[in-house]
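Undergrad: Mind looking over this structure? Questions follow.
The values are calculated or read from the model by the stated rules, or taken from the named source; none is laboratory data. Just so we're clear, the structure is a prediction, and the values are computed from it rather than from any experiment. Here the Cβ positions follow ideal geometry from the backbone for every residue, glycine too, while neighbour counts run over all protein chains shown.
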Amino acid sequence: MYWEKDVETMDRADLAGLQLQRLNASLTQAKRSAFYGKRFSSTSYNDEILELRDLSRIPFTTKDDLRNAFPYGFLSVDLQEVIRLHSSSGTTGNPTVVFHTASDIDRWGNLIARCMYTTGVRKHDVFQNMMGYGLFTGGLGFHYGAEKLGVMTIPIGPGNSKRQIWFLKQLKATVIHILPSYALRLYSFFEELEVDPKRDLHLRIAFIGAEPHSEEIRKKIELLYGIKVYNSYGLSEMCGPGVAFECECQDGLHVWEDHFYPEIIDPDTGEVLPDGERGELVLTTLSREAMPLVRYRTRDLTRFLPGKCPCGRTHRRIDRITGRSDDMLIINGVNIFPIQIEKTLMAIPEIGRNYLIEIHKESFMDKLSVKVEINEEVFQGTLAELEKLQGKAVAALRTELGVTPSVKLVEPSSLPVSEGKAQRVYDYRDGEKGSL
Ligand code: ADP
Ligand code: ZN
């Protein structure tokens with residue numbers, strides 16, 4: 001049973017009590033590492049935290065801190081206690097390494113089992129895990145959780161799309177875990193193989209995460225496959241997936257607050273923001289042994305959703321991640337997040353499944369251009385229809401962004417794709433590639 005009712009629906013005051021107790025234990029554990037040992041050697045940081053909000057007097061931990069302390073500066077146990085290393089995928093620079101003890105791995109598995117159970121996965125399901133196995137946490141993280149739940153797990157990893165579809169069909173998989181960008185790309189192989197995922201497969205649930213995606217992308221995947229799609233959030237520094245997850249209500253992600261203490265801060269000033277305001281998510285681990293992290297700046301932008309979730313869980317919900325604080329594009333002085341472009345395009349039914357953003361400098365002005373795939377129907381249509389669609393896309397983007405991009409419509413499945421997280425932003429202004 002992975003419906004931990006007592007914990008998941010705990011009274012908020014009791015939950016705060018549990019968090020405070022775990023927080024102090026976690027700080028004590030963290031001090032065993034070289035990094036926090038040094039940081040907390042000053043007495044002002046050394047006292048017991050008496051109220052959760054007092055955590056805000058402790059400085060943040062950043063990705064740079066992790067990099068500078070590479071490889072063992074954050075390790076809080078003897079190396080002989082460590083059984084696993086994972087690494088961030090290095091989307092935004094050199095990777096960081098994260099260590100786990102046997103009980104860290106066990107707790108992580110329990111959290112994933114909780115997430116899967118929440119959305120209705122049971123022992124009789126067949127789970128095809130299409131996330132990368134290896135240093136990336138998506139594959140192994142879900143693998144151990146699914147096995148705890150007693151679900152037959154197919155550790156297929158990403159790529160080799162025709163074989164994926166063969167397995168899905170032959171093994172009658174009911175649940176998948178997949179990158180949203182790959183779910184869209186995989187669909188084109190269904191068409192090629194003349195397999196209809198709605199008619200010929202037994203799928204009912206997909207977990208998507210690991211990269212920013214809009215509500216419109218979720219809806220598109222739900223529609224194409226005829227399944228329920230749940231948003232899964234995590235980062236390797238905390239464990240990996242299993243930090244926050246959507247429940248059956250699909251309205252925000254419950255942060256598992258018995259294991260992580262979330263705060264939302266203003267990314268510029270570092271001030272903790274009042275509930276409901278959008279800012280950067282900061283997380284503190286409450287139960288990790290090998291590598292506790294205190295006030296870790298995720299750089300992911302979100303907000304706490306107000307009100308109680310109808311599912312009865314009391315753990316606070318965060319809104320879907322709208323991007324990273326360092327994702328923001330400034331186009332001739334206007335701030336734009338790539339996800340705004342995605343949600344605008346994907347709300348247009350004639351638009352296909354992939355897009356790419358490019359920014360150039362031309363006569364000292366920033367030039368934003370978007371390449372976007374059209375769907376198969378439009379591709380078979382007339383030139384007049386294409387022109388109309390292009391005008392519609394430009395107008396919708398202008399309204400959403402406040403700048404007018406140039407839009408180039410391209411054939412279905414013609415834009416470049418990668419096996420890992422999608423790279424959809426190419427910023428050529430300082431000769432550098434950016435990424436989403
Ligand atoms: P990297 O930071 O190198 O990509 P990770 O593989 O640990 O390393 O990825 C974690 C990051 O992936 C998160 O900080 C977040 O930016 C992104 N991410 C994970 N899950 C989601 C999600 N459900 N929605 C949006 N972004 C997500
Ligand atoms: Zn809920």
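Undergrad: For A395, work out the one condition from (1) of a type in the set (G, A, S); (2) more than 30 Å from C249 (Cβ to Cβ); (3) crowded, with 19+ Cβ neighbours inside 10 Å it doesn't fulfil.
TA: All conditions pass for A395, except number (3).
Undergrad: Also: Any chance you could count how many residues in segment 357-383 are aliphatic (A, V, I, L, M) and more than 13 Å from L409 (Cβ to Cβ)?
TA: 4
Undergrad: Right, something else. If you check F99, F60, F70, F74, which single one turns out to be at pLDDT below 95 and either hydroxyl-bearing (S, T, Y) or within 16 Å of ligand 1 (Cβ to nearest atom) (or both)?
TA: None of the others qualify; the one that does is F70.
Undergrad: With the condition being without any contact (Cβ under 8 Å) to a residue 40 or more places away in the chain, I'd like the strands (runs of 3 or more DSSP E) fully within segment 100-188 carrying at least 2 qualifying residues.
TA: Passing ranges, in order: 152-154.
Undergrad: Go over the candidates F245, F260, F207 one by one and state the one that is crowded, with 21+ Cβ neighbours inside 10 Å and away from ligand 2 (no atom under 16 Å from the Cβ).
TA: F260
Undergrad: Looking at R57, R22 in this structure, which one is without any contact (Cβ under 8 Å) to a residue 60 or more places away in the chain and among the charged types (D, E, K, R)?
TA: R57
Undergrad: Right, here's the next one. Output the strands (runs of 3 or more DSSP E) that fall wholly within segment 283-395 and possess 3 or more residues being under 29 Å from P59 (Cα atoms) and at pLDDT 95 or above, or say none.
TA: Those strands (runs of 3 or more DSSP E) span 296-302.
Undergrad: Run G279 past the list (1) under 25 Å from V77 (Cβ atoms); (2) without any contact (Cβ under 8 Å) to a residue 60 or more places away in the chain and report the number of the one that doesn't hold.
TA: (1)
Undergrad: Another question about this same structure. Would you point out which residue out of I351, I321 is within 13 Å of ligand 1 (Cβ to nearest atom) and either surrounded by 15 or more Cβ atoms within 10 Å (Cβ to Cβ) or outside the structural domain of E222 (by TED's automatic domain parsing) (or both)?
TA: The conditions single out I321.
Undergrad: While we're here: Just one of (1) in contact with a Lys or Arg (Cβ under 7 Å, 6 or more places away or on another chain); (2) within 13 Å of ligand 1 (Cβ to nearest atom) trips up E277, so point out which.
TA: Unmet condition: (2).
Undergrad: Specify which of the listed residues (G150, G159, G226) is of a type outside the set (F, W, Y), in contact with an Asp or Glu (Cβ under 8 Å, 6 or more places away or on another chain) and surrounded by fewer than 19 Cβ atoms within 10 Å (Cβ to Cβ).
TA: So the residue among G150, G159, G226 that is of a type outside the set (F, W, Y), in contact with an Asp or Glu (Cβ under 8 Å, 6 or more places away or on another chain) and surrounded by fewer than 19 Cβ atoms within 10 Å (Cβ to Cβ) is G159.
Undergrad: Being of a type outside the set (A, V, I, L, M), within 12 Å of ligand 1 (Cβ to nearest atom), touching a residue at least 12 places away in the same chain (Cβ under 8 Å) and in contact with a Pro (Cβ under 9 Å, 6 or more places away or on another chain): is that true of Y225 here?
TA: Judged against the criteria, Y225 is not a match.
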